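The values are calculated or read from the model by the stated rules, or taken from the named source; none is laboratory data. What you see is a predicted model; the values in this text were computed from it and never measured. Cβ atoms come from the backbone with ideal geometry, glycine included; neighbour counts cover every protein chain shown. Only protein heavy atoms, including side chains, enter the accessible area calculation; ligands, DNA and RNA are left aside. Shrake-Rupley method; radii C 1.70, N 1.55, O 1.52, S 1.80 Å.
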Amino acid sequence: TITRDGKKIVFTSMRDGDLDIYTMDADGKNVKRLTTELGYDGGPFWSYDGKQIVYRAHHPQTAKEKTEYARLLKDNLIRPTTLEIWVMNADGSNKRQVTHNGKANFAPYFFPDGKRIIFASNMNDPKGRNFDLYTINVDGAGLEQITFNETFDGFPMFSKDGKRLLFASNRQGRAPGETNVFIADWIE
């Protein structure tokens, strides 16, 4: 994604052999690797002020997990069953894990004030198939479920003024698995 001022881009790449997050100037110069931990670091988005980056990550811990991760990565694959939400400063410093639920948390996006994050997760579905939207403070406190739909809800994004929420959902689909885009008023 690109910063609101159009000067910097944040992206995920395998250019150094692992799935890591990088930034660069909008013209492609000054590429900088921000993550170095073994595992998947991806889906980065800038905070509205460009000072923080939110992303999803899975860092294998056991020898078995590391072996499985490396085997899949050779085929350009990952197994995204466990992804946690992380935040770091724009220069890659001060990395901190926001969620700690061991589920598939993804599509994180900052609120315009940079104090909270909205994201999709399957944390409340024992089968792990239904995703709803949740909010959480950047310090990991204040988790709140936002959608309560029996189908997929994901990819949330706020309008610049924070008054509208855009998200994708399988609700009201004409066929199973059909995904539509919804806009909702955001009311505190």
- Query: Averaged per residue, what accessible surface does segment 69-188 expose to a 1.4 Å probe, in Å²?
  - Reply: 56 Å²
- segment 62-142: chymotrypsin sites (Phe, Trp or Tyr not before Pro) falling in loop per DSSP and having at most 14 other Cβ within 10 Å: none
- Extension gain (nm, one decimal) between Ala184 and Ile78, 0.36 nm per residue minus Cα-Cα: 34.9 nm
- Message: Which of rounded, prolate or oblate describes segment 115-188 when judged by the alpha-carbon gyration tensor and an a/c cut-off of 1.5?
- Response: oblate
- Which one of Ile136, Thr147, Gly173 has its Cα pushed farthest toward the positive end of the charge dipole of segment 69-188, where Lys and Arg give +1 and Asp and Glu give -1 at the Cβ? Gly173
- Tally Lys and Arg at +1 and Asp and Glu at -1 over the other residues with C-beta under 15 Å from the C-beta of Glu188: what net charge comes out? 0
- Query: Counting other Cβ atoms within 10 Å, which trypsin sites (Lys or Arg not before Pro) in segment 56-131 have at most 12 and lie in a DSSP loop?
  - Reply: Lys115, Lys127, Arg129
- Task: Label the chain by shape, choosing from rounded, prolate and oblate, from the square roots a ≥ b ≥ c of the eigenvalues of the Cα gyration tensor; if a/c is under 1.5 it is rounded, and otherwise prolate applies when a/b is larger than b/c, oblate when it is not.
- Result: oblate
- Going residue by residue through segment 91-96, the Karplus relation 6.51 cos²θ - 1.76 cosθ + 1.60 with θ = phi - 60° gives ³J(HN,Hα) values, rounded to whole Hz and with x marking Gly or Pro, of 8, x, 7, 6, 5, 8
- Query: When the helices in the chain are scored as -39500 (n - 2.57) per DSSP H run of 4 or longer and the sum is shared across all residues, what 222 nm value do you end up with, to the nearest 500 deg cm²/dmol?
  - Reply: -2000 deg cm²/dmol
- For segment 45-94, shape from the Cα gyration tensor axes a ≥ b ≥ c, cut at a/c of 1.5 then a/b versus b/c, turns out prolate
- Item | Percent carbon-and-sulfur accessible area, segment 22-114, ignoring ligands, DNA and RNA, probe 1.4 Å | 51 percent
